[in-house]
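Can you keep this structure in mind? I'll have questions shortly.
The values are calculated or read from the model by the stated rules, or taken from the named source; none is laboratory data. As the structure is a computational prediction, the values presented were derived from the model and not from experiment. Cβ coordinates were reconstructed from backbone atoms using ideal geometry, including for glycine residues, and neighbour counts include every protein chain displayed. The protein model used for the area step is the full one, side chains on, heavy atoms only, and it has no ligands, DNA or RNA in it. Shrake-Rupley method; radii C 1.70, N 1.55, O 1.52, S 1.80 Å.
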Amino acid sequence: MTSPDQGSTHTVSQGESLASIAKTNGYLWKTLWEHGNNAALKSKRGNPNQLLAGDAVFLPPKGLKQEARATDARHSFKRKGEPTRLKLQLTSLGKPRANEAYTLTFADTVINGTTDGDGRIDQPIPGEVGSAQLSLGGGREVHTLAVGLLDPVDQVSGVQHRLKNLGFDCKGELGEIGQATQQALLRFQRANALEETGDADAATRAKLNALHV
């Protein structure tokens, strides 16, 4: 742990993302992601939304910014911020669910939208949001999405979270590939025209990462 004047180190806990760490500590996520002291982490993970519990994030010291303004007047200042983006692609039997209406709910916010021509959803959400509910078909199909809980796709837990969020339930298995995860992998591979191995092989991980970053 370094001194406050030199910055400090934050150890990532399960459920944290760079966006949530940045917001909690008063930074923009890009400030942390692009900082030289986090270069090794950036190279290792490749995606700021895919941190693993135990990763170390350097928090640089904060400087003071001065603004010259006239006295005896009221001035407005806008705090800069960058929302996290929830990005998903919805498919059915390997084909995009294009132009399909959906409702996304998190905290007290309800967003109604429509998937694009490739079945993709791209919505800004606050960095501290940990879960969201995706409703399709007028409420006949509902999915609970883990936001900020996504481990890297090279981890078994990262594969399982993506499968679950894409509608291929692993029946609560986490961290080890059991029978339920194998069946979910087979269904995912079949739906996406991949070799049906039941394993989290390189092609399957690549497809999972492409559909759910």
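Looking at the range 129-139, which of its residues are touching a strand residue (DSSP E or B) at 6+ places or on another chain (Cβ under 7 Å), of a type in the set (G, A, S) and open to solvent by 20 Å² or more (accessible area, probe 1.4 Å)? Even if it seems obvious, please write down each step before you answer.
Within the range 129-139, the subset touching a strand residue (DSSP E or B) at 6+ places or on another chain (Cβ under 7 Å) is 129, 131-136.
From what is left, the residues that are of a type in the set (G, A, S) are 131-132, 135.
If the condition is that a residue be touching a strand residue (DSSP E or B) at 6+ places or on another chain (Cβ under 7 Å), of a type in the set (G, A, S) and open to solvent by 20 Å² or more (accessible area, probe 1.4 Å), then S131, S135 are the ones that fit.
Mind checking which pairs have a first residue in the range 21-33 that is part of a helix (DSSP H, G or I) and a second that is of a type in the set (D, E), Cβ under 9 Å, 6 or more apart or different chains?
Final answer for the pair search is A22/E82; K23/E128; T24/E16; T24/E128; W29/E82; K30/E82.
Which ones in the range 14-50 are closer than 15 Å to G127 by Cα and among the small types (G, A, S)?
Correct list: G15, S17, A19, S20, A22, G26.
Can you pull out the residues in the range 186-207 that are in a helix (DSSP H, G or I), touching a residue at least 12 places away in the same chain (Cβ under 8 Å) and touching a Leu at 6+ places or on another chain (Cβ under 7 Å)?
Selection gives F188, A191, T204, K207.
Can you pull out the residues in the range 87-104 that are within 18 Å of the chain's Cα centre (by Cα) and of a type in the set (K, R)?
K87
Still on this structure, please answer the following. In the range 93-114, which residues are under 19 Å from K207 (Cα atoms) and either assigned to a loop (DSSP other than H, G, I, E, B) or at pLDDT 95 or above (or both)?
Residues satisfying the conditions are L93, G94, R97, A98.
Take the residues in the range 89-114 that are of a type outside the set (S, T, Y) and open to solvent by less than 30 Å² (accessible area, probe 1.4 Å); name whichever of them is farthest from N25 (Cα to Cα). I'd like the intermediate steps shown before the answer.
Kept after step one, since they are of a type outside the set (S, T, Y), are these residues of the range 89-114: 89-90, 93-101, 104, 106-108, 110-113.
Restricting the remaining residues to those that are open to solvent by less than 30 Å² (accessible area, probe 1.4 Å) gives 89-90, 104, 106, 113.
Values: Q89: 31, L90: 34, L104: 27, F106: 22, G113: 31 Å.
Restricting to residues being of a type outside the set (S, T, Y) and open to solvent by less than 30 Å² (accessible area, probe 1.4 Å), the top hit is L90.
Same structure again: Go through the range 127-152 and report how many residues are at pLDDT below 90 and part of a loop (DSSP other than H, G, I, E, B).
So the count comes out to 10.
Among residues belonging to the range 115-126 that are exposed (fewer than 13 other Cβ atoms within 10 Å of the Cβ) and part of a loop (DSSP other than H, G, I, E, B), point out the one that is modelled with the highest pLDDT. Explain how you work it out, then say what you get.
Pass one, the range 115-126, residues exposed (fewer than 13 other Cβ atoms within 10 Å of the Cβ): 117-118, 122, 124.
Then drop every residue that is not part of a loop (DSSP other than H, G, I, E, B), which leaves 117-118.
Working: G117: 94, D118: 90.
Looking at the filtered set, the residue picked out is G117.
A further question follows. Of everything in the range 140-158, what is open to solvent by less than 50 Å² (accessible area, probe 1.4 Å) and under 24 Å from P126 (Cα atoms)? Give them in sequence order.
As a first pass, look at the range 140-158 and keep what is open to solvent by less than 50 Å² (accessible area, probe 1.4 Å): 143, 145-148, 150-153, 156-158.
Once the filter is applied, which keeps residues that are open to solvent by less than 50 Å² (accessible area, probe 1.4 Å) and under 24 Å from P126 (Cα atoms), the range 140-158 yields H143, L145, A146, V147, G148, L150, D151, P152, V153, S157, G158.
Here is a yes/no grid of residues against (1) surrounded by 19 or more Cβ atoms within 10 Å (Cβ to Cβ); (2) over 16 Å from H143 (Cα atoms):
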{"residue": "R162", "(1), (2)": "yes, no"}
{"residue": "G172", "(1), (2)": "no, no"}
{"residue": "G175", "(1), (2)": "no, yes"}
{"residue": "Q183", "(1), (2)": "no, yes"}
{"residue": "L186", "(1), (2)": "no, yes"}
{"residue": "E195", "(1), (2)": "no, yes"}
{"residue": "R205", "(1), (2)": "no, yes"}
{"residue": "L208", "(1), (2)": "yes, yes"}
{"residue": "H212", "(1), (2)": "yes, no"}
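Here is a follow-up. Which condition breaks for L166 when tested against (1) under 15 Å from S17 (Cα atoms); (2) touching a residue at least 60 places away in the same chain (Cβ under 8 Å)?
Condition not satisfied by L166: (1).
Let me ask something else. For the subset of the range 32-55 comprising residues that are at pLDDT 90 or above and in contact with a helix residue (DSSP H, G or I) (Cβ under 7 Å, 6 or more places away or on another chain), which member is most open to solvent (accessible area, probe 1.4 Å)?
Here the answer is K42.
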